[in-house]
Amino acid sequence: MCGIVGYLGNRDAVPVLLSGLRRLEYRGYDSAGMAVIRGNGDLNVHKCKGRVADLEKHIEGKDTAATIGIAHTRWATHGEPNDCNAHPHLSQSGRIALVHNGIIENYRILKEALTEQGYTFRSTTDSEVFVNLIEYIQEANNCSLLEAVQQATKQVVGAYAIAVVDRDNPDQLIAVRQSSPLVIGIGEGEYFISSDAASVIEYTNDFVYLNDGEIALISRNVPVRVTTAENESCRVDISTLQLSISELEKGGYEHFMLKEIFEQPHTLQDCIRGRIDKQTYATVLSGVRDNKEHFLNARRIIIVACGTSWHAALIGKHFIESLCRIPVEVDYASEFRYRKPVIQSDDIVIAVSQSGETADTLAAVNLARKSGAFVYGVCNVVGSSIARATDSGTYIHVGPEIGVASTKAFTGQVTVLLLLAMAISHEKGIAQEDRCKAIAKEMLTLPQKLESTLERVTTEVQSLAKIFTYAHNFIYMGRGVNYPTALEGALKLKEISYIHAEGYPAAEMKHGPIALVDAEMPCVVIATPDATYDKTVSNMEEIKARGGKIVAVVAEEDTIASEIADYVIRVPAVSEYLMPIVVSIPLQLLAYHIAVNKGRDVDKPRNLAKSVTVE
Ligand code: M6R
């Protein structure tokens, strides 16, 4: 939520800030702005409601030449999206500018105190309070900007990342991280700051990942200094990030989401690479092998996640319970963190998160660690907060996911959770070895099957999307591993098309939701071969008898379910364990094409942001 970018060096700062903002727009896109310190000493702020493209228009024709600046793309928390609430915010004197990602929980008390000191506020944001607090401390104590920021962070409560510039010091940038991501890119005589390293990858591959509570002093031609609020020096480790710019572009597709759907045969391959022995079909994950004792002694596994990642976690529960015989609980991270969960030292807590930055999941990780559990991460973004806060983990390696609606990350998470279950089973040496090997062998053929699924279903799904574009409600149904797959299908549709959609375990229909069924209600039923296939077929009959319109996702050779359904989508007949991955392809495409038909902004749906770094 909200993206921050900053620059200090010898280039013109504005193109760097704009390109960074464009790449950070997935984090929020209701307003954008920048502050630059010009060669003549002026601190100019340009900001407006709308997208980064609106900001570009806004500065067109203005003289913005500068070699230092900070910029921001917003996802509103405090105060509606408008020009005034857009960042950067200036301190009362107009000397200090600040951009902020996160929430200042005690901003009301601070605002009252500052108001008593004569401060007035132009915006309704919590961020303006922060910048005035810094100015107040600096003036009251006649101290440096760094000291003022250090003092301010001791008074501010919340999760935030900020970047600050001072008109009177055009050679200095200060950046703070407290539970919201912030990295510093190191170039030749230049520095970048960003909420996401990928946004400045065209300028540098070398990054310093700030830890919580760290304050970076970035000065022209001087190595970065990192301190705590108490002015204790912190280690500055530089990591190299391998990422190509092409991974961040649409590559000829109309939307990132479509590109990401079509990337899945390759991302799956990257996800599996080196993890299955092609001779023995044994699955080995270094995170499991190196922590074998924890996995062998685990009495229980708790998986915490949000949104799509939570759906993947529900599927993971099936995998681990059936292949490892370890009981698994799945919790929304936001519920787990506040419900005083019982966590024991022989529990393993697995956090699943694409971004690795989701505030609730990160808080759940911290709680689990404090309680003495071994914490394992399943993340996509390398070096992300959750990846660093966990004891060990496995990356899904699907490359940057930019569309707000998660697609390739979901199939990557399901794949890694299956690999994880097989790797644990391998280490435990339990009786599931042959079954795991059969799944692993088939998994190696999956990229090719996804390729052919994409080829085959795209046109069919496009036609179906035309039929259902104007439906007002959808029900998605499945059983076993395909119940969470149905939940995920419904989430995809609602978040990008704004059509109301619900996912249900098929057998639950008759306990209430069937009351919704009529000729206007499309029901997407996942009826692929498994132990409950016949039962699902009966559930389809019940819907049919009430006039519901059924879209069935079935296996290639299916004859029974496909006869009952009004519309049929066929997918390869893979093992039950791999089915959620295969079935997800048509469900993602259905949501995508309906949203496009409705003229929705598929990659940036209303009210959403990709990385939810606030509660
Ligand atoms: O980055 P994370 O996986 O932790 O994100 C969790 C959710 O915010 C995310 O999956 C969200 O539900 C997506 N918009 C779903 O498409």
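The values are calculated or read from the model by the stated rules, or taken from the named source; none is laboratory data. Here the structure is a predicted model, which is why all the values come from computation and not from measurement. No Cβ is skipped: glycine too gets one built from the backbone with ideal geometry, and neighbour counts run over all protein chains shown. Quick note on the areas: whole protein, heavy atoms, side chains included, nothing else; ligands and nucleic acids left out. Shrake-Rupley method; radii C 1.70, N 1.55, O 1.52, S 1.80 Å.
Based on the Kirkwood approach, the hydrodynamic radius assigned to the range 401-554 is 17.3 Å, with every pair of different Cα atoms included. Its relative contact order, with pairs defined as Cα atoms under 8 Å and 6+ residues apart, puts the range 179-308 at 14 percent. Label sites at residue 458 and residue 500, each approximated as a point 7 angstrom past Cα along Cα to Cβ, lie 3.5 nm apart.
Looking at the range 402-530, the accessible area is 35 square angstrom per residue; that uses a 1.4 Å probe and ignores ligands, DNA and RNA. Pairs over the 29 Å Cα-Cα cut-off, from the set 317/604; 449/492; 57/598; 62/408; 370/437: 317/604; 62/408; 370/437.
Listed peptides 266-277, 107-118 appear in the order 266-277, 107-118 once ranked by packing, highest mean of other Cβ atoms within 10 Å at the front. Look at the alpha carbon pairs under 8 Å that are at least 6 residues apart: their mean separation over the length of the chain gives a relative contact order of 12 percent.
Computed over protein heavy atoms with a 1.4 Å probe, the carbon and sulfur contribution to the accessible area of the range 126-201 reaches 38%. Diffusion coefficient of the range 379-459 by Stokes-Einstein, Kirkwood radius over Cα pairs, 20 °C, 1.002 mPa s: 145 µm²/s. If a/c stays under 1.5 just call it rounded; otherwise compare a/b with b/c (prolate if a/b is bigger, oblate if not). Do that for the range 50-198, with a ≥ b ≥ c from the square roots of the Cα gyration tensor eigenvalues. Rounded. Solvent exposure of the range 184-226, expressed per residue, is 32 Å² of accessible area, with all protein chains present and a 1.4 angstrom probe. Which net charge results for the neighbourhood of residue 159, defined as the other residues with beta-carbon distances under 11 angstrom from its beta-carbon, given Lys and Arg at +1 and Asp and Glu at -1? With Lys, Arg at +1 and Asp, Glu at -1, the net is -4. For the range 304-438, the orientation-averaged shadow of the C-alpha convex hull comes to 7.7 nm² (one quarter of the hull surface). Using the Kirkwood radius over Cα pairs, work out the Stokes-Einstein diffusion coefficient for the range 523-615 at 37 °C and 0.692 mPa s, in µm²/s as a whole number. Here the translational diffusion coefficient equals 219 µm²/s.
For the chain, dividing the convex hull volume of the Cα atoms by the residue count gives 155 Å³ per residue. Enclosing the Cα atoms of the range 125-224 in their convex hull gives a volume equal to 102 cubic angstrom per residue.
Count the net charge of all other residues whose Cβ sits under 10 Å from the Cβ of residue 427, scoring Lys and Arg as +1 and Asp and Glu as -1. Counting the neighbours of residue 427, the net charge comes to +2.
Helical content of the chain, expressed as a calculated mean residue ellipticity at 222 nm, amounts to -11500 deg cm²/dmol (DSSP H runs of 4 or more residues, -39,500 (n - 2.57) each, divided by residue number, nearest 500). Residues in the range 256-312 average 43 Å² of solvent-accessible surface per residue, probe 1.4 Å, ligands and nucleic acids excluded.
Taking a point 7 Å from the Cα of residue 531 along the Cα-to-Cβ direction, the residues of the range 469-511 with backbone N closer than 18 Å to it are 478-485, 505-508. Only Cα sites of the range 205-248 enter the Debye sum here, all with the same form factor; the resulting log10 I(q)/I(0) across q = 0.23, 0.31 1/Å is -0.83, -1.13, listed in q order. The length gained on full extension between residue 140 and residue 430, counted as 0.36 nm times the residue separation minus their Cα-Cα distance, comes to 97.7 nm. With respect to the chain, whose longest principal axis is taken over its alpha-carbon atoms, helix 433-468 is tilted by about 80°.
Between the residues 330, 272, 390, the greatest Cα displacement towards the positive end of the dipole of the chain, with unit charges on the Cβ of Lys, Arg, Asp and Glu, is found for 330. The dipole here belongs to the range 1-143: it is taken about the Cα centre, uses +1 on the Cβ of Lys and Arg and -1 on the Cβ of Asp and Glu, and is about 380 debye.
Overall, the accessible surface of the range 43-88 at a probe of 1.4 angstrom is composed of carbon and sulfur to the extent of 47 percent. The accessible area of residue 395, taken with all protein chains in place and a 1.4 Å probe, comes to roughly 60 Å².
Rolling a 1.4 angstrom probe over the range 294-417 with all protein chains present gives an accessible area of which 50% lies on carbon and sulfur atoms. In this simple spin-label approximation, residue 246 and residue 335 carry label points 7 Å from Cα along the Cα→Cβ vector, and these lie 4.4 nm apart.
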